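Novice: Sharing a structure with you now.
No lab work stands behind these numbers, since they all come straight from the coordinates. From a predicted model like this one, the values you see are computed outputs, not experimental measurements. Backbone-built Cβ (ideal geometry, glycine too); neighbour counts: all protein chains shown.
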Amino acid sequence: MSTEIEDAREFWNRVADDWQTQVGRDGDANRRLNSDPVLWSFAGDVQGLKVLDAGCGTGYLSIKLAERGALVTGIDFSERMIAIARATDPTTDFHVDSCSELSTIEDDAFDMVVANYVLMDTPDLEGTIVALHRVLKPGGVAVLVFSHPCFPAGRATVPGNRSGATYVWDFPYFQRQKCIDPPWAHFTSEFTWFHRPLSDYWKAFIAAGFAVIDFEEPRVTEDRYHLVETERALKKSQACPYSVAFKLQKAAKSA
Ligand SMILES: C[S@@+](CC[C@H](N)C(=O)[O-])C[C@H]1O[C@@H](n2cnc3c(N)ncnc32)[C@H](O)[C@@H]1O
């Protein structure tokens, strides 16, 4: 394992218990209000499908996929994340593996892979995309949700009395950069993540052999306004794109 991957793994081990507090059994507000509806719409009917939740964290999404009838495997390189996921749901296959290699998984094993807020956290984008492509069956689908690379939520200021948002960029957007953000919400640790411009993601998808079949910038829709706890949270959700969502497909085998 490279030092960068080892450092990232140690970081996620340190914050795993706080992460469980963040997402609980249903996902945090951003997931519930903004991105999960898009993820489910891209995933479609998962009944009977073999689904890999890559970078499953404490497993809230794996458990929801299993409740919808999917045959789920959840992997994460953080041992602590996997221990929490197993304790929450001993019936799902949760085990330690790195998205960069997926060395525990054979080629062409899954109908679908999901990676929910993982790609900006993996030190090795290209290796991860190649591995996700490898483990998909021909014609299989990848649903990838990750923090919006153009509008980093941790660097946004939303003014109280008018609409819009201001973003602070203290390095060039086009430069790949390891970022360290201050602790947020109940977390006590700084957060490490990896900025890459949006085009780098697109190029990695195409280079691995994926076709891009859908794309969305998830936001709260009117039918969910009543679920938002404060006016300010609603305004932020309407003004700031937190994430991007891609639906990709591995080519079917030609006859
Ligand atoms: C922001 S959390 C998201 C967790 C979960 N998908 C969710 O939505 O709650 C990112 C997760 O990706 C995992 N991760 C990051 N890079 C990884 C890699 N190369 N291999 C496996 N897991 C990785 C971290 O350990 C962490 O659990």
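Novice: Report, in whole Å, the centroid distance computed from the Cα atoms of segment 177-255 and segment 81-120.
Specialist: 19 Å
Novice: Against the empirical 2.2 N^0.38 Å scaling, what ratio does the C-alpha Rg of segment 179-229 come to?
Specialist: So segment 179-229 has a normalised radius of gyration of 1.72.
Novice: Straight-line reach from Lys178: which lysines fall under 30 Å, measuring Cα to Cα and dropping same-chain residues less than 8 apart?
Specialist: Lys203, Lys235, Lys236, Lys247, Lys250
Novice: Here's something else I'd like to know. Aspartates and glutamates within cross-link reach of Lys253: Cα-Cα under 18 Å, excluding same-chain residues under 8 positions apart?
Specialist: List returned: Glu106, Asp107, Asp108, Asp111.
Novice: For Arg25 and Ala87, what is the calculated FRET efficiency with R₀ set at 22 Å and r taken between the beta-carbons, to the nearest 0.05?
Specialist: 0.95
Novice: Using the charge dipole of the chain (Lys, Arg: +1 at Cβ; Asp, Glu: -1 at Cβ; taken about the Cα centre), state which of Pro218, Val135, Phe191 has its Cα farthest towards the positive end.
Specialist: Pro218
Novice: Roughly what would the spin-label model give for Arg224 and Cys179, points 7 Å off Cα along C-beta, in nm?
Specialist: Computed distance between label sites Arg224 and Cys179 equals 2.1 nm.
Novice: I would also like to ask the following. Just flag the trypsin sites (Lys or Arg not before Pro) in segment 155-255 sitting in loop per DSSP whose Cβ has no more than 14 other Cβ atoms within 10 Å. Display every interim value, and only then the final one.
Specialist: Working: sites: Arg155, Arg162, Arg176, Lys178, Lys203, Arg219, Arg224, Arg232, Lys235, Lys236, Lys247, Lys250, Lys253; in loops: Arg162, Arg176, Arg219, Lys253.
Sites meeting the loop and neighbour criteria: Arg162, Arg176, Lys253.
Novice: Which residue fluctuates most in the GNM of the chain (Cα springs below 10 Å): His148, His226, His133?
Specialist: Between His148, His226, His133, it is His226 that shows the largest mean-square fluctuation.
Novice: Return the ratio Rg/(2.2 N^0.38 Å) for the chain, where Rg is computed over Cα atoms only.
Specialist: 0.98
Novice: So, one more: Test of the criteria: in segment 34-73, which trypsin sites (Lys or Arg not before Pro) are in a DSSP loop and have at most 16 other Cβ atoms within 10 angstrom of their Cβ?
Specialist: Arg68
Novice: A follow-up question, please. To the nearest 10 degrees, how steeply does helix 3-23 sit against the main Cα axis of the chain, on a 0 to 90 scale?
Specialist: Taking Cα atoms only, the helix is inclined about 70 degrees.
Novice: If you don't mind, another one. Please compute the contact order of segment 129-255 in relative form: average sequence separation of alpha-carbon pairs under 8 Å and at least six residues apart, divided by the residue count, as a percent.
Specialist: 40 percent
Novice: Whats the longest run of the chain with zero GluC sites (Glu not before Pro) that are DSSP loop and have at most 15 other Cβ atoms within 10 Å?
Specialist: Answer from the scan: 1-105.
Novice: Here is a further query. Determine Rg/Rh for segment 9-80; Rg is computed over alpha-carbon atoms and Rh is the Kirkwood hydrodynamic estimate from the same atoms. All intermediate terms of the calculation are to be shown ahead of the outcome.
Specialist: Values: Rg = 12.6 Å, Rh = 12.8 Å.
My calculation of the ratio gives 0.98.
Novice: With each label point set 7 Å from Cα along the Cα-Cβ vector, what nm distance links Asp45 and Ala211?
Specialist: 2.2 nm
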